[in-house]
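Colleague: There's a structure below that I have some questions on.
The values are calculated or read from the model by the stated rules, or taken from the named source; none is laboratory data. Model, not experiment: these values are computed from the prediction. Note: ideal-geometry Cβ built from the backbone for every residue, glycine included; neighbour counts use all protein chains shown. Accessible surface is based on the protein model in full, side chains and every heavy atom, while ligands, DNA and RNA are left aside. Shrake-Rupley method; radii C 1.70, N 1.55, O 1.52, S 1.80 Å.
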Amino acid sequence: MSQLSTRHLLGIKDLTPEDIHLILDTAANFKEVINRPIKKVPSLRDITIANVFFENSTRTRLSFELAEKRLSADVINFSSSNSSVKKGETLVDTVNNILSMKVDMVVMRHSSPGAPHFLSRNVSANIVNAGDGTHEHPTQALLDAYSMREKLGDLHGKKIAIIGDILHSRVALSNIFCLQKLGAEVMVCGPITLLPKHIASLGVKVELDVKKALEWCDVANVLRIQLERQQIKYFPSLREYSLYYGINKKLLQELDKEIVIMHPGPINRGVELSSDVADSEHSIILHQVENGVAVRMAVLYLLAGVKG
Ligand code: CP
């Protein structure tokens, strides 16, 4: 297979395992390209892409922009904070105005779950979800899977623990779908208040004790405590969270094996991860960021090849 089964990337839920393997294999080729002295290829020379961000971002926005430029696409950037959205313009009007400038693809981050799905039904461009509220963050899951596969080989049968604020995390849901489609076993771990009530129905193991999760897994993907999405108190204090769920060097040294530590960023240093773990030889956090460019190049390149 050399073509995706979809013309939008809205969520991992919609992808087949073959789509995921195709994206990861294509990303491996692009990783080789971006490590050459001349990092640019002409693949998307006639394509214009709008990066439309209604929510803050550092990694995802920069990574998409770099991926687009490495593919020779024309790029325009929009952020809601300094736009006419502030004057009451709707999402569809905003995007239709951008599209009338002959834009082919829209990469969108929005705080509302389902916003990119809504857009895909109302505009003609290919839509890429760069994170929709607490729902999905598909390119993060793809770059996470790529980074795990690069480190451990085939993910079939590998044990991945996702630790932290699962309730508010779009990364968690996309990772669960992606890893299961690749044949990995998935566990979620965190305080009971930060685990969705019916999470076990997704076929994941559920663990409240972080030591047991670390003993079980090959990879710990540690998630940020998303204070900006928490309207009530889910745990007594950050100090207590860090005491019971923070991953530090001592916890890793007590294990009888080496595990891989990941984090999608941004990190709350000293809360979910101590600096001596985040910056240690166990951590592949910066490899994740590096791989994000190649994975996003693969997504954009493959979507451009799917005709509507
Ligand atoms: N991992 C991630 O989505 O980071 P940003 O919010 O900085 O894009």
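Colleague: Anything in the chain that counts as a DSSP H helix reaching 18 Å or more along its axis (C-alpha) with Kyte-Doolittle mean of at least 0.0? List them, would you?
Modeller: Span-like helices here: 17-34, 285-304.
Colleague: First check a/c for the chain, with a ≥ b ≥ c the square roots of the eigenvalues of its C-alpha gyration tensor; if it is under 1.5, answer rounded, and if not, answer prolate when a/b is larger than b/c or oblate otherwise.
Modeller: Here the chain falls in the prolate category.
Colleague: For the chain, give the magnitude of the charge dipole about the Cα centre (Cβ charges: +1 Lys/Arg, -1 Asp/Glu; no others), in debye to the nearest 20.
Modeller: 520 debye
Colleague: Okay, next question. Eight or more residues apart or on different chains, and alpha-carbon atoms under 19 Å: count the Lys pairs in the range 139-285 matching that.
Modeller: 23
Colleague: Which net charge results when you count Lys and Arg as +1 and Asp and Glu as -1 among the other residues whose beta-carbon is under 14 Å from that of PHE30?
Modeller: Summing Lys and Arg as +1 and Asp and Glu as -1 gives +2.
Colleague: A further question follows. Could you sort HIS287, HIS168 by their accessible area in this structure, using a 1.4 Å probe and putting the largest first?
Modeller: I get HIS287, HIS168, largest accessible area first.
Colleague: Okay, next question. Relative contact order (percent) for the range 194-308, with alpha-carbon contacts under 8 angstrom and 6 or more residues of separation?
Modeller: In percent, rounded to a whole number, it is 26.
Colleague: Continuing with the same structure: Take every DSSP beta bridge whose two residues both sit in the range 32-179, then give the antiparallel share in percent to the nearest 5.
Modeller: If we restrict to bridges inside the range 32-179, about 5 percent are antiparallel.
Colleague: So, with a 1.4 angstrom probe, what is the percent of accessible area on the range 56-132 that is carbon and sulfur?
Modeller: Of all accessible area on the range 56-132, carbon and sulfur atoms account for 47 percent.
Colleague: Solvent-accessible area per residue for the range 92-220 at a 1.4 Å probe radius, Å²?
Modeller: Value returned for the range 92-220: 36 Å² of accessible area per residue.
Colleague: Expected output is a single nm value to one decimal: the length gained when fully extending between ASP93 and ILE232, i.e. 0.36 nm times separation in residues minus the C-alpha distance. What is it?
Modeller: Here the answer is 46.6 nm.
Colleague: Starting from the residue with the highest accessible area, list ASP74, ASP209 in decreasing order, probe 1.4 Å.
Modeller: ASP74, ASP209
Colleague: Among CYS178, GLN231, LEU243, whose Cα projects farthest towards the positive end of the dipole of the range 139-285, with charges put on the beta-carbon of Lys, Arg (+1) and Asp, Glu (-1)?
Modeller: GLN231
Colleague: Which whole-angstrom value gives the distance between the alpha carbon centres of the range 114-185 and the range 198-269?
Modeller: What the calculation gives is 18 Å, centre to centre.
Colleague: While we're here: So which trypsin sites (Lys or Arg not before Pro) in the range 68-153 pass both tests, a DSSP loop state and at most 12 other Cβ atoms within 10 Å of the Cβ?
Modeller: Answer in residue order: LYS102.
Colleague: Of all beta bridges DSSP finds with both residues in the chain, what is the antiparallel percent, to the nearest 5?
Modeller: 5 percent
Colleague: Report the label-to-label distance for ASP74 and ILE34 in nanometres (one decimal), using points 7 Å from each Cα along the Cα→Cβ vector.
Modeller: According to this spin-label approximation, the distance is 2.4 nm.
Colleague: Also: Round to the nearest 10 and report in Å² the accessible area of THR94, as given by a 1.4 Å probe over the protein chains' heavy atoms.
Modeller: About 10 Å², rounded to the nearest 10.
Colleague: Could you please state how large a percent of the accessible area of the range 139-285 is carbon and sulfur, counting protein chains only and using a 1.4 Å probe?
Modeller: Taking all protein chains in place, the range 139-285 shows 52 percent carbon and sulfur surface.
Colleague: Using a Förster radius of 25 Å, what is the FRET efficiency between GLU215 and ARG269 based on their Cβ-Cβ separation? Nearest 0.05, please.
Modeller: According to the calculation, E is roughly 0.55.
Colleague: Students often forget the sequence filter, so: which aspartates and glutamates lie under 15 Å Cα-Cα from LYS87 once same-chain residues fewer than 8 apart are removed?
Modeller: In chain and number order, there are no partners.
Colleague: Restricting to Cα pairs below 8 Å that are 6+ residues apart, what does the relative contact order work out to for the chain? Please round to a whole percent.
Modeller: Reported relative contact order: 22 percent.
Colleague: May I pose another question? Only loop residues by DSSP count here, and only those with at most 12 other Cβ atoms within 10 Å; note down the trypsin sites (Lys or Arg not before Pro) in the range 232-308 that meet that.
Modeller: Of the trypsin sites (Lys or Arg not before Pro), the ones in loops of the range 232-308 whose Cβ has at most 12 other Cβ atoms within 10 Å are LYS233, LYS257, LYS307.
Colleague: When the helices in the chain are scored as -39500 (n - 2.57) per DSSP H run of 4 or longer and the sum is shared across all residues, what 222 nm value do you end up with, to the nearest 500 deg cm²/dmol?
Modeller: -11500 deg cm²/dmol
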